[in-house]
Amino acid sequence: MSKKNFIPIAEPSLTGKETKYVLDCLESTWISSKGEYINLFEKEFTRFTGCKYGVSTSNGTTALHLAITALGIGSGDEVIVPNLTFIASANTVAYTGAKPVLVDVDESTWNIDPVRIEQAITKRTKAIMPVHLYGHPADMNRIMGIARKHKLLVIEDAAEAHGAEIKMNITMKQYNNVTMRGSTVKTDKPLWCKVGSIGNVGCFSFYGNKIITTGEGGMVTTNDRELAVKMRILRDHGQNPRRRYYHDVIGFNYRMTNIQAAIGLAQAERIRYLINKKRQNAGIYNHELSHVKGIGLPPEAIGTKNVFWLYSILVDKPYRLTRDELMDKLAKKGVETRPFFHTLHTMPPYFQKKQLAVSEYLAGHGLNLPSGVGLTVDQIKRIAGLVRQYSK
Ligand SMILES: *Cc1c(COP(=O)(O)O)cnc(C)c1O
């Protein structure tokens, strides 16, 4: 396969000030985890999400582990996690000694099913971890309602959904009265929230193929000042901020470097463009694939904005090929795809015999198509054309 015809699943777009900022880091010699880009990136990205505080980390997995630890979750506790997600969602719960309780997902959004969350709550349940899978917001209205009713924490795994939005069932005015966060918003406009700003914490990944990247990197966003302070301390070995080499608690080294943050700042400056591009590309795919029998298109529930991190389809009868056969055919034409995640409950660390039918179905039939922002219209049409061709 010539490089010219190969279409990768997703590649980073680094055509803004990424190079300039990284060179600036190198020239300044501030290449470790102190330096001005860390603050600048935390501020820029946090402002974008609509949150007050952002704590950058070495990757998305450490962001989740830092947040769960800072929330005081540990041995003997249970955290409700969707059965269809990347393994880090469950692993970071397990790292703390708590138990991830796996719950099936909703077939219309592919995200954790609120009805099944309520059924899974026990005396040990401490938190719910909705994951905004492939860029589509989980049903945060119902999840926050359940959390309030049962006094549970909410940890949003927003690693795949930077900038995705959901219309909340309260107005701006009510929101400000409830949370006393903002000052004096008077309008009764409906409240559209970005994911990662709704639960107690939002956890983001900046891995190379995510919506924005820092190479490796992550961030926890929150509106809880005390929690942000705690996370900054835990991120830095639990060191007392006023007393060098004095450690009040066992912490971690989960810091982001100034070089990562330099890339991140340049990416954050372009995030609206990058998301618009993802949504445009999804629109073209939808148009091209809308009448192919047996091909299911990605969801966008009413009152949500999907950022289509990976443009995803479902492949089932009467389509002529199975998902895996279609993957092979596309690979031979230089089109890189990915199958959906395996369900957590079918893998050794979390194995359970029970059936979780919706996540099992999606895991067996879901396919991610190339989703990089560098895709041209012609490339998308070529990929969709191949999918249509094999349907006959
Ligand atoms: C990517 C991802 C993570 C982990 O992020 P890393 O930066 O790769 O550690 C966690 N959860 C989900 C859902 C992800 O997609």
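Bridges between two residues of the chain, per DSSP, are antiparallel at a rate of about 60%. Using only alpha carbons, the range 1-156 has a radius of gyration to Kirkwood radius ratio (Rg to Rh) of 1.06. For the range 76-169, the direction-averaged projected area of the alpha-carbon convex hull comes to 5.6 nm².
Measuring between alpha carbons in the structure, the pairs from Lys305/Lys392; Lys151/Lys354; Lys149/Lys194; Lys99/Lys278 lying more than 30 angstrom apart are Lys305/Lys392; Lys99/Lys278. The order of the peptides 215-225, 267-277 by mean Cβ neighbours within 10 Å, most packed first, is 215-225, 267-277. Our estimate of slack between Arg244 and Lys17, defined as 0.36 nm per intervening residue step minus the Cα-Cα distance, is 78.2 nm.
Computed over the Cα atoms of the range 226-273, the ratio of the radius of gyration to the Kirkwood radius (Rg/Rh) comes to 1.16.
Against the main long axis of the alpha-carbon atoms of the chain, helix 271-289 sits at an angle near 20°. Annotation note: trypsin sites (Lys or Arg not before Pro) in the range 104-150 located in DSSP loop regions with a Cβ neighbour count of at most 16 within 10 Å are Lys123, Arg124. Here the chain is assigned +1 on the Cβ of each Lys and Arg and -1 on the Cβ of each Asp and Glu. Its dipole about the Cα centre then comes out at about 440 debye. Think of the chain as a dipole: +1 on every Lys or Arg Cβ, -1 on every Asp or Glu Cβ, centred on the Cα centre; then among His345, Gly196, Leu310, Gly196 lies furthest on the positive end. Under the combined filter of DSSP loop state and at most 13 neighbouring Cβ atoms within 10 Å, the range 321-392 retains these chymotrypsin sites (Phe, Trp or Tyr not before Pro): Phe351.
Calculate how steeply helix 18-28 sits against the longest principal axis of the alpha-carbon atoms of the chain, using the helix alpha-carbon long axis, and give the answer as 0 to 90 degrees to the nearest 10. Here the helix axis deviates by roughly 30 degrees.
Using every pair of separate Cα atoms, the Kirkwood estimate puts the hydrodynamic radius of the range 188-343 at 19.3 angstrom.
Measure nothing fancy, just the Cα-based angle from helix 258-269's long axis to the longest principal axis of the chain, in degrees from 0 to 90, nearest 10. The angle comes out near 60 degrees.
The charge dipole of the range 4-123, taken about its Cα centre with unit charges on the Cβ atoms of Lys, Arg (+1), Asp and Glu (-1) only, comes to about 280 debye. The fraction of all Cα pairs in the range 272-392 landing in successive 5 Å bins from 0 to the largest distance is 2, 11, 20, 22, 19, 13, 8, 4, 1, 0, given as whole percents.
For the chain, dividing the convex hull volume of the Cα atoms by the residue count gives 154 Å³ per residue. Between the alpha-carbon centres of the range 315-392 and the range 1-67 there is a gap of 29 Å.
With the cut-off at 13 Å, report for the range 200-255 the share of all Cα pairs above it, as a whole percent. The calculated P(r) of the range 200-255 puts 65 percent of pairs beyond 13 Å.
Tell me whether the range 1-49 comes out rounded, prolate or oblate; compute the Cα gyration tensor, take square roots of the eigenvalues as a ≥ b ≥ c, and use a/c under 1.5 as the rounded threshold. Oblate is the answer for the range 1-49, as a/c is 1.5 or above yet b/c matches or exceeds a/b.
Computed from the coordinates by the stated procedures, all read-outs in this text should not be read as laboratory data. Everything numeric in this text was worked out from a predicted model, so none of it was measured. A quick note on method: Cβ atoms are made from the backbone with ideal geometry, for glycine too, and the neighbour counts reach across all protein chains shown.
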